[in-house]
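Working notes, structure below.
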Amino acid sequence: MDKETKHSIDFINKKINKKNGFIIPDNYFDKLDDDLQVIINQNSLPEEHNFEVPKTYFDTLENEILSKVETTSSRKPKVLLLRKKIIQYIPNAVAASVMLIIASYFYFNSNDVTTHNFNTTDIEDWFDEDYNTISSDELAILFTADDFTEDELSVKVNNDNLEEYLNTIDSSNLIEELQ
Amino acid sequence: MTEEITLLAQLQNPTTKEVGFRNLIQAYKERMYWHIRKIVISHDDADDVLQNTFIKIFKNIDNFKGDSKLYSWMYRIATNEAITFINKKAKEQHQDVSDYKHHLISNLNSDLWFSGDEIQYILQQAIATLPEKQQLVFNMKYFDDLKYHEISDILSTSVGALKASYFHAVKKIEQFIKTYN
C-alpha cells in the first residue's frame, strides 16, 4: 500500500508540485493581528450593562402590549369613498372655474394701464409718514422747483437763535459728526 | 515543544494572557489559516473562521488540560470550526454539503483569491469528490506535511485508518487527474 501511495504521490507532485493556487490579499497576516486584538479587547469588556428595570416589568409587558394591539385592531379603519371625495370637491372646483373665467375676461379685455392721480396732500402725508425711508433721489423725482415757494427754500435764522442752538450742542458730539 | 510550554504558561497566567495570546497568533496564524482555507475554500470565509477559531482558543485556553499538544488542540478547534461553518452554509443554501463544496469549487475560476491554473483547478475538483475525512487527511498530509501521529491526535483517528484514508485519497485524485487532464 505504501509503495502504491508513493507512486500516486509522485504522479500528483509531477502534475501540481504541491501548489494549490489559493492566494491571499497583501499584508493579510499583518492586519489579522490588529483585527484579533480588537476582538479580544471587545471580549474583555464587561457583558453586564448595569441598567435596571422595574421588578414586574417583564411580567406585565406582554399583557400591556396585547391590550394595545387589541385596542388598535378593534378600531374600525376609516374608509374613504372616492366618489364621495369627488362630489365633495365639485362646488370648490366650480367656484374656482367661475373666478378664473371672470378674471380672464377682465384681464384680456383691459388694455388700459391703471394710473393713479395723487394730489399734493397725499404726497405730503406720505412724506410725513415715510420720511425715514425716502432717499434724496426719490425726492428729486417727486418734486420740481415750482412746488416750493422762495420762502420755503431760504433759511432764515437770527443770531440769537443760532447762538442758543450752538450752546445746546455737546462739543464732543459735534467733533464726532465732523470726523 | 519548549515554545509551546512557554506559550501555555503565558496564556494560563491572567497577567500575561494577552501577551501570550499575541505570541500564539504570531506563531500559528499562517498554518491555521491555510488549514481552514483548504476546507472552506473562500478567503473571506477562511478569515471569519480563523478569527472565530482564535477567539475560541482565547476563551477556552484555561480548559486546556495539556493531555495533547497545544498545536493539535488548536488544529482540532480550527477543523471543527471550519466544518461547522461549511455545514451551516450548505444548510442555508438548502444543499448537501458535498454539493455545496462542488458549487464552491466551480466558482473558483472567478474567485479573486484563486490564481491556480487548469491543473490546480482540477485538483480542487478532485479533492471535492472525496469523503470529508479523506479530504482532511489528504490536505493535512500532502500540503501541510503533518505526520500521521499528529493527524491522529487532531482527528482522533488511528494511524492505520489514516494511512488507509490517505491511500484511497491519492488513488482517487490520481485517477481524476488522469481522466480530466
Query raised in the report: Among the residues of region B:8-24, how many are in a helix (DSSP H, G or I) and open to solvent by 10 Å² or more (accessible area, probe 1.4 Å)?
Result: 8
Requested in this report: Working only within region B:54-80, note down all residues that are at pLDDT below 85, within 14 Å of residue B:149 (Cα to Cα) and open to solvent by 70 Å² or more (accessible area, probe 1.4 Å).
Outcome: none
Query - Pairs with Cβ under 9 Å, 6+ apart, first in region B:159-181 and at the interface with chain A (Cβ under 8 Å from one of its Cβ atoms), second open to solvent by 30 Å² or more (accessible area, probe 1.4 Å) and of a type in the set (S, T, N, Q) - result: B:173/B:129
**Report entry** Test: residue in region B:45-67 that is among the basic types (Lys, Arg) and at the interface with another protein chain (Cβ under 10 Å from one of its Cβ atoms)
**Finding:** yes
Requested in this report: State all residues of region B:121-158 that are charged (D, E, K, R), within 18 Å of residue A:9 (Cα to Cα) and in contact (Cβ under 8 Å) with a residue 40 or more places away in the chain; if no residue qualifies, say none.
Outcome: B:144
**Report entry** Selected residue (criterion: nearest to the other protein chains (Cβ to nearest Cβ)) from residues of region A:10-22 that are open to solvent by less than 80 Å² (accessible area, probe 1.4 Å) and over 14 Å from residue B:127 (Cβ atoms)
**Finding:** A:11
Query - So residue B:118, is it in contact (Cβ under 8 Å) with a residue 12 or more places away in the chain and open to solvent by 60 Å² or more (accessible area, probe 1.4 Å) - result: yes
Report task. Could you grab the pairs with beta carbons closer than 9 Å, sequence gap of 6+ or different chains, first residue in region B:78-90 and under 16 Å from residue B:139 (Cα atoms), second one open to solvent by 40 Å² or more (accessible area, probe 1.4 Å) and aliphatic (A, V, I, L, M)? Result -> B:83/B:97
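Name the residues in region B:130-167 that are part of a loop (DSSP other than H, G, I, E, B) and either open to solvent by 50 Å² or more (accessible area, probe 1.4 Å) or of a type outside the set (S, T, N, Q) (or both), would you? Break it down stepwise before answering.
Narrowing region B:130-167 to residues part of a loop (DSSP other than H, G, I, E, B): B:130-131, B:144-147, B:156-158.
Passing the criteria: B:130, B:131, B:144, B:145, B:146, B:147, B:156, B:158.
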Requested in this report: Kindly check whether there is at least one residue in region B:77-95 that is farther than 26 Å from residue B:55 by Cβ and basic (Lys, Arg).
Outcome: no
Query raised in the report: Which numbered condition trips up residue B:49, out of (1) among the β-branched types (Val, Ile, Thr); (2) assigned to a helix (DSSP H, G or I); (3) surrounded by fewer than 18 Cβ atoms within 10 Å (Cβ to Cβ)?
Result: (3)
Requested in this report: Sort out which residues of region B:13-47 are touching a strand residue (DSSP E or B) at 6+ places or on another chain (Cβ under 8 Å) and without any contact (Cβ under 8 Å) to a residue 40 or more places away in the chain, and write them in order of number.
Outcome: B:37
Requested in this report: State the number of residues belonging to region A:13-29 that are assigned to a helix (DSSP H, G or I) and more than 52 Å from the chain's Cα centre (by Cα).
Outcome: 4
Query raised in the report: Are any residues in region B:94-129 more than 19 Å from residue B:181 (Cα to Cα) and in a helix (DSSP H, G or I), and if so, which ones?
Result: B:97, B:98, B:99, B:100, B:101, B:103, B:104, B:110
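The values are calculated or read from the model by the stated rules, or taken from the named source; none is laboratory data. Nothing here was measured: the structure is a model prediction, and the numbers come from that model. With ideal geometry, Cβ positions are generated from the backbone for all residues, glycine too; neighbour counts draw on all protein chains shown. Surface areas here come from the heavy atoms of the whole protein model, side chains and all, with no ligands, DNA or RNA. Shrake-Rupley method; radii C 1.70, N 1.55, O 1.52, S 1.80 Å.
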